[in-house]
Amino acid sequence: MLQDEVLAALGRADGYVSGEEMSRRFGVTRAAVHAAVERLRAEGYEIVSVTRKGHLLLSGPDKLGEGDLAAHLPEERMQTVRVLSEVDSTNRYLKSLVEDGLPEGFVVMADSQTKGRGRYGRSFVSPAGSGLYLSMLLKNAGSPQGLSDATSYAAVAAARAVRKVTGICPDIKWVNDLQIRGRKICGILTELSLKAESAEVQSCIVGIGINVRGRENFPPELRKIATTLEDENGGTKVRRAELAAALITELDLVRAALPAGKEEYLAEYRRLCVTKGPILLRDATGEREAVALGVADDFSLLVRYPDGKQECVRSGEVQVRRKVSS
Ligand code: BTN
């Protein structure tokens, strides 16, 4: 759409962009460019227009359209990104496209999800205008083990993107939640599909949800355990398109690093991971008390049980128990 192209051109530029240049680049008349600029203004984008200089984008609403994202990503990268205003689940939608021979690294993101999926069949609350809901197709990560590593690499990637855009350095709660001051801001759901005949990986989709604003609208039980970037950022606005671009860029680095770049991601994962000391471990078999000793080389959690037995736990959920001071 011309409006997205104009917005992307204005967003990428350091200064004014002339109407003539845009009309040439997009193969339309100057009047059409002018009309697109007017439509952007009507949507809340503040654009200064000066004769013989052109148009300058000063500010805009925190929208998550193609033009908003394209302002922060190279044109070539945008070829394999699809931005939707609403979808049931970006993971499900992306999976439905895989059969069509999508390239590795293809991204689907949406302003809202009506059936956002969480781990263990839970839902992920994804209202419009409030968060970043993004899925990326990873195919070349090889074995199922390599792909389970990919989830941990993705946690590091998401932490880096948040740090780059907000300056806040989130913690990782094993296995792949990001949190700030003990409250969750980001969850990751990796979904694998295997080829029935060979059990080889057919597709691996990494889905990442980041809470950006709107904690006041969370259901009460969620408000206790989750927060948003803007609540933790002293109210400073976070631009979702900028965050999305930073996340896509970091996930592209993950793709390039799989599996050989493990050392770097493992070291950073260990540095950020706050799951240490007394924990409550929950899995399909129930709940157990344990002490988390550290993250093993395959990103599993090394724990010691009260009977002294040690084990590397590969899945499940943990709750960090507060140490009782004497
Ligand atoms: C969790 O914390 O349980 C994982 C949440 C993962 C949510 C993301 S949002 C984008 C992608 N699409 C989904 O339906 N889920 C993931």
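The values are calculated or read from the model by the stated rules, or taken from the named source; none is laboratory data. Note that the structure is a prediction, hence the values are computed from the model and not measured. All Cβ positions, glycine included, derive from the backbone under ideal geometry; neighbour counts span all protein chains shown. Side chains included, ligands, DNA and RNA excluded: accessible areas come from the protein's heavy atoms. Shrake-Rupley method; radii C 1.70, N 1.55, O 1.52, S 1.80 Å.
Checking the condition free of Cβ contacts under 8 Å to residues at least 60 places away in the same chain, within 16 Å of the ligand (Cβ to nearest atom) and aliphatic (A, V, I, L, M), which residue from I208, I225 passes?
Exactly one of I208, I225 is free of Cβ contacts under 8 Å to residues at least 60 places away in the same chain, within 16 Å of the ligand (Cβ to nearest atom) and aliphatic (A, V, I, L, M), namely I225.
Under the condition of being buried (at least 24 other Cβ atoms within 10 Å of the Cβ) and more than 20 Å from Q179 (Cβ to Cβ), which residue from region 108-140 is farthest from the ligand (Cβ to nearest atom)?
Among residues in region 108-140 that are buried (at least 24 other Cβ atoms within 10 Å of the Cβ) and more than 20 Å from Q179 (Cβ to Cβ), the one farthest from the ligand (Cβ to nearest atom) is L138.
Can you give me the number of residues within region 171-192 that are more than 23 Å from D283 (Cβ to Cβ) and more than 15 Å from the ligand (Cβ to nearest atom)?
Here the count works out to 1.
Kindly list, by first and then second residue, each pair from a residue in region 228-247 that is free of Cβ contacts under 8 Å to residues at least 24 places away in the same chain to a residue that is among the basic types (K, R) and open to solvent by 10 Å² or more (accessible area, probe 1.4 Å), limited to pairs with Cβ atoms under 6 Å and residues at least 6 apart or on different chains.
E230/R213; D231/R215
Could you tell me which of the residues V83, V48 is loosely packed, with under 13 Cβ neighbours inside 10 Å, aliphatic (A, V, I, L, M) and part of a strand (DSSP E or B)?
Answer to the check: V48.
Inspect region 53-64 for any residue being of a type in the set (A, V, I, L, M, F, W, C) and within 25 Å of the chain's Cα centre (by Cα) and give the result as yes or no.
Yes, region 53-64 contains at least one residue that is of a type in the set (A, V, I, L, M, F, W, C) and within 25 Å of the chain's Cα centre (by Cα).
Going by the structure shown, is G214 among the small types (G, A, S) and more than 28 Å from G261 (Cα to Cα)?
So G214 fits the description; yes.
Looking at L94, L69, L73, can you tell me which residue is within 12 Å of the ligand (Cβ to nearest atom) and either at pLDDT 95 or above or not assigned by TED's automatic domain parsing to the domain that holds R30 (or both)?
Unique residue meeting the criteria: L94.
Scan region 158-193 for residues that are of a type in the set (G, A, S) and under 25 Å from A292 (Cα atoms) and report the count.
The total comes to 4.
Determine whether R282 is within 20 Å of D171 (Cβ to Cβ), open to solvent by 40 Å² or more (accessible area, probe 1.4 Å) and of a type in the set (D, E, K, R).
yes
When you scan region 225-246, how many residues do you find that are closer than 15 Å to D111 by Cβ and crowded, with 24+ Cβ neighbours inside 10 Å?
4
Go through region 228-326 and tell me which helices (runs of 4 or more DSSP H), entirely inside it, have 3 or more residues that are in the same structural domain as Y120 (by TED's automatic domain parsing) and of a type in the set (S, T, N, Q).
So the answer is none; nothing clears 3.
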